[in-house]
Amino acid sequence: MDAKIVLLPGDGIGLEVVSQGHRVLEAVAERKGHSFEFEEHLIGGCAMDQVGDPFPPDSLEACQNSDAVLLGAVGGPQWDDPQAPVRPEQGLLRLRQELCLYANLRPVHAFPGLSGSSPLKPEKVEDVDMLIVRELTGGLYFGKPRYREQHQGQLRAVDTMVYTESEIRRVVRLAFQLARGRRRKVTSVDKANILECSRLWRLVANEVARDFPDVEFEHQLVDSAAMRLIVSASSIDVLVTSNMFGDILSDEASVLSGSLGMIPSASLGEGKLGVYEPIHGSAPDIAGKGIANPLGAILSVAMLLRHSLGLEDGAKAVEEAVAAVLSSGGRTKDLGGDLSTSEMGDAVIGQLDTLL
Ligand code: IPM
Ligand code: MG
């Protein structure tokens, strides 16, 4: 098949991990006779430095005209000044909003041989297999008004959490649909004992649940859900939640898989176009050293093949290649090993040779 794929490496280790994801895509294309066309564009702090805009119009246009986007990470200490009027992260938020990517899928599961890499006891992480579905274009991240002002002799800041029924319905519905392909359980996470948005979330989620009588459904408050992720995460199948709670809980949950560097994500909307990115950040402390774990980006490539290109066999092959590398002891530094970023890419591509 023919596909146009935009690469947005961004900042820090984003460059290193996207370049391995790119190699894996090329390897799949070569072995399966696909023709993938790649275009690289700017996003984040590097885009601010080069063209004064964290998500320049030609980057947006390229994404809109593509079949899928592979993104690295944005941000870094040089752009972290709390007084700065523009930040790299705004580029990422604009990308999500402009493409209407309202659902962010973050699968978290135990990988072969990695239970020892988690700070949690192996028996707590061995059976974990969950999918976090994070709402991505609403809530506290986008609510208006938001501002900082002088108020009664001191600075005061305001953010707004806002959700409409339809924003909640579409993401909860997707969570239920995805649960049907898994263990048929949905846990909806909110703070309905305090927040009006969460009470609406609950009402709408209950309505959606009525259309899925074959799926087990429960609500959980976010504070107790945070604890459950540590105490009994294997009891969770699909966890659906708002933008802010999903951001926080997915970093927490990544610890179960052994390393934040392992977790991929897919940001999806109504059509096939999606943005795929590892959930880790730009990791400025290790950027440029060639030691970042590229597996989150490589597993994001698997999600890209599956969700945007409909290439399930390619997706499975990439996932199996990663599992095979881990089973044979391949480890980057975050997993207690000494493979470099590109050696890990080599190892995955080597496995693809036997799988495709
Ligand atoms: C993530 C990141 C982003 C977010 C940042 C970089 C804007 O933490 O994708 O989880 O908060 O959504
Ligand atoms: Mg995050």
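The values are calculated or read from the model by the stated rules, or taken from the named source; none is laboratory data. Quick caveat: nothing in here was measured; it's all calculated off a predicted structure. Using ideal geometry, Cβ is built from the backbone for each residue, glycine included, and neighbour counts are taken over all protein chains shown.
Of (1) within 12 Å of the chain's Cα centre (by Cα); (2) assigned to a helix (DSSP H, G or I), Ala317 satisfies all except one. Which?
All conditions pass for Ala317, except number (1).
Residues checked against (1) more than 18 Å from Val171 (Cβ to Cβ); (2) of a type outside the set (A, V, I, L, M, F, W, C); (3) touching a residue at least 40 places away in the same chain (Cβ under 8 Å); (4) away from ligand 2 (no atom under 16 Å from the Cβ):
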| position | (1), (2), (3), (4) |
| --- | --- |
| Gly72 | yes, yes, yes, no |
| Gly75 | yes, yes, yes, no |
| Gln83 | yes, yes, no, yes |
| Val86 | yes, no, no, yes |
| Gln90 | yes, yes, no, no |
| Arg96 | no, yes, yes, no |
| Arg106 | no, yes, yes, no |
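Residues in the stretch 45-65: is at least one outside any helix (DSSP H, G or I), in the same structural domain as Gly314 (by TED's automatic domain parsing) and in contact with a Pro (Cβ under 8 Å, 6 or more places away or on another chain)?
Yes.
Kindly provide the set of residues from the stretch 320-343 that are part of a helix (DSSP H, G or I) and out of contact with any helix residue (DSSP H, G or I) (no Cβ under 7 Å at 6 or more places or on another chain), ordered by number.
Ala323, Leu326, Ser327, Lys333, Glu343
Those residues that are under 21 Å from the mean Cα position of the chain (by Cα) and within 16 Å of ligand 1 (Cβ to nearest atom), I need them from the stretch 64-78; list them, please.
Result: Val69, Leu70, Leu71, Gly72, Ala73, Val74, Gly75, Gly76.
Does the stretch 203-247 hold any residues that are away from ligand 1 (no atom under 16 Å from the Cβ) and part of a loop (DSSP other than H, G, I, E, B), and which are they?
Residues satisfying the conditions are Asp211, Phe212, Pro213, Asp214, Val215, Ser232, Ile236, Asp237.
Yes or no: the stretch 236-245 includes at least one residue that is touching a Leu at 6+ places or on another chain (Cβ under 6 Å) and away from ligand 2 (no atom under 16 Å from the Cβ).
yes
Just name the residue that is farthest from Val348 (Cα to Cα) out of those in the stretch 275-302 that are surrounded by 24 or more Cβ atoms within 10 Å (Cβ to Cβ) and more than 16 Å from ligand 2 (Cβ to nearest atom).
Taking the candidates together, the pick is Ala292.
If you go through the stretch 248-282 one residue at a time, how many are more than 12 Å from ligand 1 (Cβ to nearest atom) and either outside any strand (DSSP E or B) or under 14 Å from Asn293 (Cβ atoms) (or both)?
Summing the residues that are more than 12 Å from ligand 1 (Cβ to nearest atom) and either outside any strand (DSSP E or B) or under 14 Å from Asn293 (Cβ atoms) (or both) in the stretch 248-282 gives 12.
Which ones in the stretch 97-121 are modelled with pLDDT of 95 or more and in contact with a strand residue (DSSP E or B) (Cβ under 6 Å, 6 or more places away or on another chain)?
Matches in the stretch 97-121: Leu101, Ala103, Asn104, Leu105, Arg106, Pro107, Val108.
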